[in-house]
Structures are given as structure tokens and as C-alpha cells.
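A quick write-up on the structure given underneath.
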Amino acid sequence: MEVQAIIDDLARTIGRPITLEDAGGRLVAYSAHDQPVDSVRVETLLRRGASEATLKALKERGVYASVERNPGVAFVNGIPEIGFSPRVALAIKVGNTVLGYLWVINGQVPLTAQAEEALLRARQQLIQALERRGATQDLRQKQREDIIADLVRGGQRDMDGLQSALKAIGWYGEPPFEVMLVRDRRGDRSQQVFKETDPLLREAAPASLRGIFRDDVVVILAGADTQGAAQVARAIADRYSRMGRDVAVGLGGPCEELSLLKRSYSEASEAISLGARFRFQSGFFDYRALAPYDLLSCLAGCKNHSTFGRDAVSKLITYDELHKSQLFDTLETYLDLYGRRKMAAERLNIHPNTLDYRIRKVKELTGMDPDDPDSRLILHVWTKALHFARDTALGET
């Protein structure tokens, strides 16, 4: 007996609206209702799962823990502030593993003993059905991840073979395509990150192909989903930042053909690496924004072309190391803010007169004027190129 059939039969038996959610709060099955229901049920049906606010409220009040501990039917009090009316609930478990939660609107009339017995019988049926369903979903997810691996790494299948495989799993993504990576930098937590991010991605990027490859959550965005890719990536990064988790999100550039996804994947991975290398505080890294920094970092080790200005800026780094001063940072901030004296002083948290003194010292040491257009360009390029190399021996490359 399939999951939906079990729920429909149970709803007819007990005469109450029923919702079945998986362990992550995602909607699995639900019965029809012909009576008023609360806003949480309506929202869950519309969103295909409980909202983050609902999940948080239930966890904070210990509802899930209480339901999981109860071997029978658990009675759950209402939470009026989120529109959650009283319910009865059962945890669908195999050993200590929770497969899902069965929620029944309690209403004004308590459940009869016969209704409770029907719920307990249905739980046993659901355990078997969900285990079968989980095995099928695991197989399908494995197929998706094999395809993702071939798309971003290359494999034995050619593009015709991959196109056929994609159609077989029901994915008909249209260009442009783009790769997003979600990486827990502590490693070995990709399964957990996948479970945590999948609900948001399912809602915000429904046309995406998602899976795990090399300990990263890989998201292949397609069509209209690419338009909001940066906002989705930033939302995921911000969420993990609030949780205090070291999770980074990288976004590669768009491409018009599936055969070019390898490039977008490499760019997304490189964006995360560049973000760590350049010590950016944000957890979201867009390769298109970081590519110029990558180019400038290559300039720091370049020997084949003119290095005019490099020695001048290197003098500031050496001077700062000897005198514990901040001329290099001062110059970089001054140039970043287009020579705006007051703004630069505020950014550096120093008096404008102190800024003036430091800029005069920069002119003296470099022999170049940051307010001269040509010198300003040269100085700015080299401050950026040497920014992340100043802690290493500059003569190594």
C-alpha cells in the first residue's frame, strides 16, 4: 500500500485532516479537508513543507523531542502566535531513526480509542511504505549524482548519453546553466548540508538539479532559476553564518551549453578558494566578482612584464614591518575611497591630520603621488596585487 493511499484511508477512518511530513519537515502526503484548518496547515500544503518559522517554534518548544519519545499518540498543545492549533502526532521511526511525523488536527472533540488504534496501525504501514519509498528515492538520488559527476567532471558518457539520462530522471533544464557549490569547510558533512539546503533550493530554484559530489553540495541551475542565483546563494550563506557554521557558497559563471558546465563548476570551486585566500568575510563568493582579484594575485608573481610600481609599494610593506606602521593599509584605503580624505580617515579610525601625515610619508618612500591619475592607477594595481602576498617573501616568485 502506497503512502498516499494509507493517508487517505486513515483520514476516512478517523474523520480528521492529516499531514505526513518527513524528518526535515517536507510534505510527503496529506488528506483533503472540508472544514476550517489553521494557517500552519494551509502554509504547509502551499509550500510543500513546514516553514522555517514553524520548524523553529516546534523545535524550541521541544515538540519534536516529545513526539519522538512517546511510544503512542502524543498530544501537542497549540501555539497561537504562529497559527498552530492543537494536534495529535506520531513519530514514524525505525529504531532511533525518524522517517517522518504524522500530524492530525485535534479539533474540539478528542480522538476516540478506536481512532488512536487506527493511527497506531497506520504507523506500522507507513514505516514499511516509507522505507520502500526511501530506498527508491536513494536510488534516484544516486542516479542524479552520477549524472552531476559526469556533467561537472566528465565521464564515459558523451553529451547524447547524458541528455538521455537527464530525460530518464525527468530533468529538462534549459539554458543558461550555472553551478552553485555549498561547502562545509570542516569537511565530511555534505549529507547534512544537503538535507539542510534542499528545502530552500526546492522552493527558490525548482528547476535545479541537486546532489553531492566530492563532499560538496552541487546545484546545477537552469533557465529562470539562474536569474536569482546570487540572492539564493547569499541567503544560504547568511543562514549558515547566523548558525555559526563555516559553510561557504560559490557561484560559477553562466554557460549556454551543458558541455560547458565543467567550466562553471571549476569557477564555483575556485570562487570559494579565492574567498578563503583573500580572507573575505562573506560566506558567498561569486567568481565573476572575484576573478579580477585572481588576476591581480597572478600579477604579484609576474616576471615577464613590466613591474613598474611594484618596488615602490614593496617599500611600504617593508617599512611597515620594520616600524610597526600602517602605511600600506592607509594607502590602499585612501585609493579605494578615491582619495576622499575624511572618509578614508573614518574608515581607518584615525584623525584626518594623521592620514595626511601618512600620505606624505607614502609619497616620500615611493616617490609617487597617490593624487596623480597615472601614479594612482599604478599604486592601486600594485596594492591589490600585493595585498595578500605581503605576509610571504616577495622575492620567492
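The values are calculated or read from the model by the stated rules, or taken from the named source; none is laboratory data. Keep in mind that what you see is a predicted model, and the values were worked out from it rather than measured. Neighbour counts run over all protein chains shown; Cβ positions are idealised from the backbone, glycine included.
Scanning the range 13-26 for residues that are modelled with pLDDT of 85 or more and surrounded by fewer than 17 Cβ atoms within 10 Å (Cβ to Cβ) yields Thr13, Gly15. Counting only strands (runs of 3 or more DSSP E) that sit completely within the range 206-275, those holding 3 or more residues that are closer than 30 Å to Lys167 by Cα and in contact (Cβ under 8 Å) with a residue 60 or more places away in the chain correspond to 209-213, 247-251. Within the range 85-107, being under 17 Å from Ser39 (Cα atoms) and assigned to a loop (DSSP other than H, G, I, E, B) holds for Ser85, Pro86, Asn106, Gly107.
Might you let me know whether the range 76-86 holds any residue that is under 17 Å from Glu116 (Cβ atoms) and not small (Gly, Ala, Ser)? Yes, that holds for at least one residue.
Can you list residue pairs whose Cβ atoms sit under 7 Å apart, with the first residue in the range 103-120 being assigned by TED's automatic domain parsing to the domain that holds Arg26 and at pLDDT below 85 and the second being assigned to a loop (DSSP other than H, G, I, E, B) and surrounded by fewer than 17 Cβ atoms within 10 Å (Cβ to Cβ)? Count only pairs 6 or more apart in sequence or on different chains. As it stands, the answer is Asn106/Pro86, since those pairs meet every condition given.
In the range 46-59, which residue that is modelled with pLDDT of 85 or more and under 23 Å from Leu126 (Cβ atoms) is surrounded by the most Cβ atoms within 10 Å (Cβ to Cβ)? In this case the residue turns out to be Leu58. Within the range 362-384, being in a helix (DSSP H, G or I) and touching a helix residue (DSSP H, G or I) at 6+ places or on another chain (Cβ under 6 Å) holds for Val362, Leu365, Thr366, His380, Trp382, Thr383, Lys384.
Restricting attention to the range 177-196, the residues that are of a type in the set (Val, Ile, Thr) and part of a helix (DSSP H, G or I) add up to 1.
As for the range 141-148, it holds at least one residue that is in a helix (DSSP H, G or I), within 25 Å of Glu52 (Cα to Cα) and not assigned by TED's automatic domain parsing to the domain that holds Ser259. Quick one: which of Gly154, Gly161 is farther than 30 Å from Gly95 by Cβ, of a type outside the set (Val, Ile, Thr), loosely packed, with under 15 Cβ neighbours inside 10 Å and modelled with pLDDT under 85? Going through Gly154, Gly161 in turn, just one is farther than 30 Å from Gly95 by Cβ, of a type outside the set (Val, Ile, Thr), loosely packed, with under 15 Cβ neighbours inside 10 Å and modelled with pLDDT under 85: Gly154.
Against the conditions (1) within 29 Å of the chain's Cα centre (by Cα); (2) under 25 Å from Ala129 (Cα atoms); (3) not polar (S, T, N, Q), where does Phe84 fall short? Just the number, please. Result: Phe84 fails condition (2) only. When Gly155, Gly173 are screened for being over 22 Å from Ala248 (Cα atoms) and free of Cβ contacts under 8 Å to residues at least 40 places away in the same chain, only Gly155 passes. Residue check: is Arg341 surrounded by fewer than 16 Cβ atoms within 10 Å (Cβ to Cβ) and modelled with pLDDT under 95? Yes: the conditions hold for Arg341. Within the range 212-247, being within 13 Å of Arg189 (Cα to Cα) and among the acidic types (Asp, Glu) holds for Asp215, Asp216, Asp246.
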